[in-house]
1. Distance between Cα centroids, region 104-120 to region 29-67: provide it in whole Å.
2. Could you point to the residue in ALA43, VAL100, GLY13 farthest towards the positive end of the chain's charge dipole, with +1 and -1 charges on the Cβ of Lys/Arg and Asp/Glu respectively?
3. Points 7 angstrom from Cα along the Cβ direction at LYS117 and LEU160: gap in nanometres?
4. Sum up the charges of everything whose Cβ sits under 11 Å from the Cβ of LEU95, counting Lys and Arg as +1 and Asp and Glu as -1, but leave LEU95 out.
5. Want the number for ALA73 to LEU173: 0.36 nm per residue separation, take away the alpha-carbon distance, what's left?
6. Which three semi-axes in whole Å describe the equivalent ellipsoid of the chain, each the square root of 5 times a Cα gyration tensor eigenvalue, listed largest first?
7. For a test of understanding, tell me how many lysine pairs in the chain have Cα atoms under 30 Å apart, given they are 8 or more places apart or on different chains.
8. How large is ³J(HN,Hα), in whole Hz, for each residue of region 29-36 in order, when computed from phi with the Karplus curve 6.51 cos²θ - 1.76 cosθ + 1.60 and θ = phi - 60°, using x for Gly and Pro?
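Every number here is computed from the coordinates shown, using simple stated rules; none is lab data. Computed from a prediction, not measured in an experiment: that's the story for all the values here. All Cβ positions, glycine included, derive from the backbone under ideal geometry; neighbour counts span all protein chains shown.
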Amino acid sequence: MKPRVAILISGRGSNMVSLVKAAQASDFPAEVVLVLSNKPEAAGLEVARGMGIEAIAVPVKPFGKDREAHERAIDAELQARGVQIVCLAGYMRLLTPWLVGRWAGRMLNIHPSLLPKFPGLDTHERAIAAGESEHGCTVHLVTEGMDEGPVLGQARVKLLPGDTPDSLATRVLEQEHKLYPAMLAALAQKISLPAG
């Protein structure tokens with residue numbers, strides 16, 4: 001049995017699309033069974049449905065400021081579908097220790113920088129401003145610290161003269177779409193190995 005994967009998104013979900021496409025190959029070692037967003041209006045939900053994947057929203061608003069209660073509702077949806085791996089793909093909420101702990105070692109995130117450089121937002125602007133010679137993206141396991149979990153893999157791009165944050169972001173995103181499915185496959189193969 002292939003491990004069952006859920007992808008959490010907040011927007012259009014371009015990395016979600018690359019993961020779903022990769023998982024639709026018969027030899028891919030994981031199966032995407034759910035796309036979930038904290039925003040009912042997230043464009044990626046319709047995209048996922050169009051690709052034949054169940055897509056649901058668990059809106060934040062009914063839970064007020066109780067982030068853990070919201071995450072317990074998300075976790076209930078994941079458990080109901082037998083999910084074994086969670087991929088964050090542009091999911092723009094900091095997770096509580098409760099959810100991170102529940103999925104320790106089985107929750108991945110992709111970040112648009114070569115961590116530990118430039119955690120957080122505006123990574124492309126910051127890389128250009130710092131005069132970096134290379135930039136890229138990182139897939140890591142999710143831990144309580146933002147963008148601090150163990151690195152599973154990175155892809156690098158050279159900074160070019162005249163790069164803007166947009167031109168750099170476009171090249172990094174191309175690498176994200178290759179790296180994320182590869183790192184999901186690697187984790188899925190570890191999880192699907194028989195015990196012992």
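1. About 21 Å separates the Cα centre of region 104-120 from the one of region 29-67.
2. With unit charges placed on the Cβ atoms, the residue in question is VAL100.
3. Inter-label distance under the simple model: 1.8 nm.
4. In short, -1.
5. Separation in residues times 0.36 nm, less the Cα-Cα distance, equals 32.9 nm.
6. Working: eigenvalues 141, 77, 56 Å².
Semi-axes (√(5λ), whole Å): 27, 20, 17.
7. Total qualifying Lys-Lys pairs in the chain comes to 18.
8. For region 29-36, the Karplus-derived couplings read x, 9, 10, 7, 10, 7, 10, 10 Hz, x marking Gly and Pro.
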